[in-house]
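Read the structure below first, then the notes.
The values are calculated or read from the model by the stated rules, or taken from the named source; none is laboratory data. Here the structure is a predicted model, which is why all the values come from computation and not from measurement. With ideal geometry, Cβ positions are generated from the backbone for all residues, glycine too; neighbour counts draw on all protein chains shown.
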């Protein structure tokens, strides 16, 4: 399909205003409240919010931070800013549950890094933010959105070009340093074209989306606010927390509004299977749902199959699944599996995959067979290639079925991170963007195996092991620098589980239990992550490379095979020095494994 | 149905006791996430349970004020009282 001439998001909003038959519907907790705004109305409302921001003194190119828990406020403020040429910086609202200190630190970092002059939020969150203004020198005011809703300031037209920055997407991630992905209108136009007509064969003005996704996240914001404006599709929004509380409301909304498109991370499908009761399924009809997208975190085919099995009796068709690969640095989407083909896996030998980095096809059910989910082909005008991670200039792409780092190129790829030239430089290898993901290509299709950056993704959010390790190290009794955090897909959970292994001199069992609880609490409060397993180990047990760098991958492997736990509980203290000595080298480490095992 | 303060407390201890992931005893001071090991998805599940039990709605805004079991009790008691369903 040939691309139409690209339009800015601002232009797309004005064009969509011709439509009074499609628009956004904002569902609320009470089922009786479901305000609907046609695109004609969205144009008027966004002009009001945009005008109010201009009246606050914001000019083209200025940044405005948005912490707006109400979906309607967020959408109008975001689109209003974009039309005024003001660059919105979405930030997630505080969720409570004792994570406030970490939240404030993160928010302050984003506000300072983006150089936002104004922060627009609700009056109750404004109170929570307290003294943030005093700590961010560039931040001139914190404004409560309630007054904006009824403001009468007119939007003064502003010329917006394709190469102007549209908005900054700060990646949820390292608590220390969220990075601002800088997206231009040209990036958005390119990715929206790839997603809507090319990837999903969207019918303009006809397909109806249903989304509970948070709007401060790329999948919710670009997929269900921006892309539909370009194609005038109606969208029904649910508050994200309502979905988490009552997952049945997601499917009820699809049924009620005859939704044809809805997306969610893997965990959302697993949550629906776990939480939706048979009685809640009565009277629902999912037969209109033709695209059930899954992305933003590792996809487990068995979770999606369980979803299809449970909900097929109310009309869900498993062919609706579209497996997606994407990231904020590529606007949103990198590749989609072909629509109406369902979940497809490439069955390969697991051992060869992990030890030799080669995806060798084997028969389903063969010993060590591992099914890798297919995520489709790169979009027209975009490239995905695989390189060895040390190929710093992307000189030699690896052949098909060789595992390496996935790298991408094309008009959806960001120019860089806002105000971060060093990090931007490191994120590119030659002209390709390093995704940090490990994968391979077979028959032109993309398969994701893992992440070279070792990010842990839980319920759609990224966490960096370094942050978790740092916080755990602060706990008294934990040996500093001898903590390893990693994610594992093994185990009873339907999502990635987070494990922290640490060394301690503590020998008393009750004291170790207390230490475990302290570590959990420290990580919870600072990083906001609930740890699934905490493993105290005797000193010297964690694997190290010859340089002394702790090895996460190795620890994960030991943990998954059960050897980490086995060794620790049984190991005798008087072997400590010996262990330390031989654990210094990789070979010595393996000798120790054998030695330790035979002696235990 | 009306509730006494005492029965609300009892019910909260019972419901959180079913969902907790740690060995800690549930008390008013227990922090839901940090002490009881219930993650944010788990908290939302508990809230749905509580809403069904007490026949009320705990809106998203109220969640921002919640950290301990005592905070949940306050949220529930306030709403029961507003509905005229709190005894004594």
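Please go through (1) in contact with a helix residue (DSSP H, G or I) (Cβ under 9 Å, 6 or more places away or on another chain); (2) within 14 Å of chain B (Cβ to nearest Cβ) for residue A:127 and return the number of the only condition it doesn't satisfy. The number of the failed condition is (1).
How about the range B:34-46: which of its residues are touching a residue at least 24 places away in the same chain (Cβ under 8 Å) and within 7 Å of chain A (Cβ to nearest Cβ)? The answer is B:45, and nothing else.
If you go through the range A:247-269 and keep only what is away from chain B (no Cβ under 14 Å) and within 19 Å of the chain's Cα centre (by Cα), you end up with A:262, A:263.
In the range B:56-88, of all residues being more than 14 Å from every other protein chain (Cβ to nearest Cβ) and under 18 Å from residue B:14 (Cβ atoms), the one that is surrounded by the most Cβ atoms within 10 Å (Cβ to Cβ) corresponds to B:76.
When residues in the range A:512-560 are screened for being modelled with pLDDT of 80 or more, closer than 27 Å to residue A:105 by Cβ and assigned to a strand (DSSP E or B), 2 of them pass. Name the single residue, out of those in the range A:195-246 being within 14 Å of chain B (Cβ to nearest Cβ) and in a helix (DSSP H, G or I), that is surrounded by the fewest Cβ atoms within 10 Å (Cβ to Cβ). Only one residue fits best here, namely A:242. Applying the criterion of being surrounded by fewer than 21 Cβ atoms within 10 Å (Cβ to Cβ) and under 19 Å from the mean Cα position of the chain (by Cα) to the residues of the range A:462-492, the residue that is nearest to residue A:264 (Cα to Cα) is A:462.
Of all residues in the range A:131-139, one or more are at pLDDT 95 or above and either crowded, with 19+ Cβ neighbours inside 10 Å or within 14 Å of another protein chain (Cβ to nearest Cβ) (or both). Within the range A:503-528, track down each residue that is in contact with a helix residue (DSSP H, G or I) (Cβ under 8 Å, 6 or more places away or on another chain) and either closer than 11 Å to residue A:468 by Cα or touching a residue at least 40 places away in the same chain (Cβ under 8 Å) (or both). If the condition is that a residue be in contact with a helix residue (DSSP H, G or I) (Cβ under 8 Å, 6 or more places away or on another chain) and either closer than 11 Å to residue A:468 by Cα or touching a residue at least 40 places away in the same chain (Cβ under 8 Å) (or both), then A:507, A:519, A:522, A:523, A:525, A:526, A:527, A:528 are the ones that fit. Which members of the range A:270-287 meet the condition of being away from every other protein chain (no Cβ under 14 Å) and either surrounded by fewer than 17 Cβ atoms within 10 Å (Cβ to Cβ) or assigned to a helix (DSSP H, G or I) (or both)? A:278, A:281, A:282, A:283, A:285, A:287 - these are the residues of the range A:270-287 that are away from every other protein chain (no Cβ under 14 Å) and either surrounded by fewer than 17 Cβ atoms within 10 Å (Cβ to Cβ) or assigned to a helix (DSSP H, G or I) (or both).
With a requirement of 3 or more residues that are in the same structural domain as residue A:340 (by TED's automatic domain parsing) and closer than 14 Å to residue A:346 by Cβ, the strands (runs of 3 or more DSSP E) lying completely within the range A:356-460 that satisfy it span A:369-373, A:432-442, A:445-451.
Count of the range A:13-26 residues, restricted to those that are out of contact with any strand residue (DSSP E or B) (no Cβ under 8 Å at 6 or more places or on another chain) and either outside the structural domain of residue A:71 (by TED's automatic domain parsing) or assigned to a loop (DSSP other than H, G, I, E, B) (or both), is 2.
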